[in-house]
Amino acid sequence: MIAIVYSAGIYGIEGYLVTVECGIANGLPSFELVGLPGAAVRESRERVMTAARSIGLQIPPCRKTVNLAPADIKKEGAVYDLPILLGLLTALGTIRQPLPTDSVFIGEISLNGELRPVKGALSMAMAVRDAGKRCLFLPADNAAEAALIGEGLTIYAVSHVREIIDHLAGKHLLSPYIPTVRSPEMQIAQPDYSDVMGQENVKRAMEIAAAGGHNILMSGSPGSGKSMMAKRIGTILPPMTQQEKMDVVRIYSVIGEGSAAAMRQGRPIRSPHHTTSAAGIAGGGKGIPVPGELSLAHNGVLFLDELPEFRKDALEVLRQPLEDGQVSIVRTAGRVTYPAKFMLICAMNPCKCGWYGHPSGRCRCKPAEVREYRKKLSGPLLDRIDIQIDVRPVPLKDLANRKPAESSAEIRARVIAARERQVRRYHGSGITCNADMLPAQLVQYCKLDAAGQALMDAAFERLGMTARSYDRILRLARTIADLAGEEQIAAAHIAEAVQYRSMDRSRE
């Protein structure tokens, strides 16, 4: 007898429907799994058989064959334990009625029959809904994550195999999962920009970066406040939309952190160590490539401290994602494309010892050594960083004054207002912030008057800009104008945008 059960799989962050065909036949006892099963899928034979015995269900010795279709896609993970067990029990007649064709089953089974969470629950739930199925049975720990898709799919949270067998037999019906309304959480104290003494020009640069989604590089001596500024960026970023949050959860679900991402407030902020490899930054690994730091920072921030200390190949993988908002990983197991639209924040010392240009004069690096240190950052990478600012040491009077500075809440209000202007401006175009403007939008929304154009022409000639850096200054000026609530870009906005190209000026 053959029984058919519907399940789901995941490739990259895209889910797809899987048909699990279970056949029982006379012959020598065996258990064959076909359909390109990975190691974890092949091991499901032992989990399924042991779990069946532990809950008092006997699967007699016979020839058992399980096919996972489509057979040309490699199946990874333990997500197929539950549908395999249900298919075998149906083929044997233990479950007397055919399994409903509008239902999908996913879940890993422990040896005592409990269901454990799986990776990629949200993406698989979206694939199930898009395939026209109506019900999804999955581990209870994945229910909150899968419920983010909203209406269109009834979700059943299952804790033990016995629960679903009783449900299918009509003994004890499961109730559809209803997401709980979270009570307001106690506010946890977070670092605030009011803690930063002085550095008003750097705070201004961070505000502009947050308002337009621009990349920023801070260069300064140790203790000048670079990391302090970067760690507070999350307190001024605008909240995520529901679609942005779902995209983030889908990515984190691939690495088994989907439920935690669904509960987390705020945008993701990733800060990998400078020893991280290129594969760790871009993604990879054995089997189907998994997302790296670029994708884990999607819709959020990627903070690279001590930028020149990163390996050159790790830095160069940033170039294409910074332009395209996605990263394509090609390995022997296949090709996967992950979204990677993030705001890049970098911090670096001006030289190897870190004290070049410091008023104390303690730097002993030779000019050639300083140039060699900065050469670790390629021109194409710097071109993709909109804001490049020198962070000077904090004057003693600012440290001694301890006058309360502007809070993150005040800055965030201006950032949100500027972002709302951008959302209205680009409505229907798929663009949400100025940093993502295409050439057509630059022509339409970044028109300059005579004074502004003259200033841009002079800056282009004097600083030796590239076409890319020219366009980025226009995007930056558009954000500065939005913060000021002005529709027309003025010469003052261009002048402020140009001053944020310190690396260009240092190459004069």
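Let's see how each residue does on (1) surrounded by 13 or more Cβ atoms within 10 Å (Cβ to Cβ); (2) charged (D, E, K, R); (3) modelled with pLDDT of 90 or more:
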{"residue": "ARG424", "(1), (2), (3)": "no, yes, yes"}
{"residue": "GLU461", "(1), (2), (3)": "no, yes, no"}
{"residue": "SER469", "(1), (2), (3)": "yes, no, no"}
{"residue": "GLY485", "(1), (2), (3)": "no, no, yes"}
{"residue": "ALA491", "(1), (2), (3)": "yes, no, yes"}
{"residue": "VAL498", "(1), (2), (3)": "yes, no, yes"}
(request) Under 7 Å between Cβ atoms, at least 6 apart or on separate chains: pull out the pairs that start in the stretch 140-156 with a residue that is among the aromatic types (Phe, Trp, Tyr) and end on any residue that is surrounded by 17 or more Cβ atoms within 10 Å (Cβ to Cβ) and in a loop (DSSP other than H, G, I, E, B). (result) TYR156/TYR177
(request) Show the residue pairs that are 6+ apart or on different chains and have beta-carbon atoms under 8 Å apart, the first residue being within the stretch 311-333 and at positive phi, the second being part of a strand (DSSP E or B) and not polar (S, T, N, Q). (result) GLY325/PRO339
(request) Grab the helices (runs of 4 or more DSSP H) fully contained in the stretch 428-492, keeping just those with 2 or more residues being farther than 26 Å from LYS341 by Cβ. (result) 450-463
(message) Any residue at all in the stretch 262-272 that's among the aliphatic types (A, V, I, L, M) and at pLDDT below 90?
(response) yes
(message) Within the stretch 87-106, does at least one residue satisfy the condition of being open to solvent by less than 20 Å² (accessible area, probe 1.4 Å), closer than 24 Å to SER253 by Cα, touching a residue at least 24 places away in the same chain (Cβ under 8 Å) and hydroxyl-bearing (Ser, Thr, Tyr)?
(response) yes
(request) Answer yes or no: is there a residue in the stretch 247-260 that is without any contact (Cβ under 8 Å) to a residue 24 or more places away in the chain, within 27 Å of THR337 (Cβ to Cβ) and of a type outside the set (Gly, Ala, Ser). (result) yes
(request) Please enumerate the residues belonging to the stretch 59-81 that are within 14 Å of ALA91 (Cβ to Cβ) and of a type outside the set (A, V, I, L, M, F, W, C). (result) PRO60, ARG63, LYS64, THR65, ASN67
(request) Restrict the check to the stretch 148-158 and report whether at least one residue is part of a loop (DSSP other than H, G, I, E, B), open to solvent by 60 Å² or more (accessible area, probe 1.4 Å), out of contact with any Cys (no Cβ under 6 Å at 6 or more places or on another chain) and among the acidic types (Asp, Glu). (result) yes
(request) Residue by residue through the stretch 426-453, note down the ones that are open to solvent by 30 Å² or more (accessible area, probe 1.4 Å) and either in contact with a His (Cβ under 7 Å, 6 or more places away or on another chain) or without any contact (Cβ under 8 Å) to a residue 12 or more places away in the chain (or both). (result) HIS427, GLY428, GLY430, LEU438, ALA440, VAL443, GLN444, ALA450, GLN453
(request) Could you grab me the full set of residues in the stretch 239-255 that are open to solvent by less than 50 Å² (accessible area, probe 1.4 Å) and either part of a helix (DSSP H, G or I) or of a type in the set (Phe, Trp, Tyr) (or both)? (result) GLU244, LYS245, MET246, ASP247, VAL248, VAL249, ARG250, ILE251, TYR252, SER253, VAL254
(message) Looking only at the stretch 256-292, filter to residues that are surrounded by fewer than 21 Cβ atoms within 10 Å (Cβ to Cβ) and among the charged types (D, E, K, R); which one of those is farthest from ARG319 (Cα to Cα)?
(response) ARG264
(request) Return the only residue of ALA40, ALA3, ALA51, ALA25 being under 30 Å from ARG335 (Cβ atoms) and among the hydrophobic types (A, V, I, L, M, F, W, C). (result) ALA40
(request) Scan the stretch 126-139 for residues that are open to solvent by 40 Å² or more (accessible area, probe 1.4 Å) and in a helix (DSSP H, G or I) and jot them down. (result) ARG129, ASP130
(message) Condition first: under 17 Å from LEU138 (Cβ atoms) and either in a loop (DSSP other than H, G, I, E, B) or not hydrophobic (A, V, I, L, M, F, W, C) (or both). Now tell me which residues in the stretch 77-104 satisfy that.
(response) GLY77, ALA78, VAL79, TYR80, ASP81, PRO83, GLY87, LEU99, PRO100, ASP102, SER103
(request) Filter the stretch 207-229 down to the residues that are farther than 17 Å from LEU377 by Cβ and under 21 Å from the mean Cα position of the chain (by Cα), then identify the one that is most open to solvent (accessible area, probe 1.4 Å). (result) GLY213
(message) Pull out all pairs, ordered by first then second residue, where Cβ-Cβ is under 7 Å, the residues are six or more apart or on different chains, the first lies in the stretch 287-310 and is part of a loop (DSSP other than H, G, I, E, B), and the second is among the polar types (S, T, N, Q).
(response) ASP305/SER227; ASP305/SER271
(message) Six or more apart or on different chains, Cβ atoms under 7 Å: show the pairs whose first residue is in the stretch 159-173 and small (Gly, Ala, Ser) and whose second is open to solvent by 60 Å² or more (accessible area, probe 1.4 Å).
(response) SER159/GLU114
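Here's the yes/no breakdown for (1) touching a strand residue (DSSP E or B) at 6+ places or on another chain (Cβ under 7 Å); (2) under 14 Å from ASN349 (Cβ atoms); (3) surrounded by 12 or more Cβ atoms within 10 Å (Cβ to Cβ); (4) not small (Gly, Ala, Ser):
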| position | (1), (2), (3), (4) |
| --- | --- |
| CYS363 | no, yes, yes, yes |
| PRO367 | no, no, no, yes |
| VAL370 | no, yes, yes, yes |
| LYS375 | no, no, no, yes |
| SER378 | no, no, yes, no |
| LEU381 | no, no, yes, yes |
| ILE385 | yes, no, yes, yes |
| LYS397 | no, no, no, yes |
| PRO404 | no, no, no, yes |
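The values are calculated or read from the model by the stated rules, or taken from the named source; none is laboratory data. These figures come from a predicted structure and were not determined experimentally. Counting neighbours? That spans all protein chains shown, and the Cβs are built from the backbone with ideal geometry, glycine included. Side chains are part of the model used for accessible areas, which takes the heavy atoms of the whole protein and leaves out ligands, DNA and RNA. Shrake-Rupley method; radii C 1.70, N 1.55, O 1.52, S 1.80 Å.
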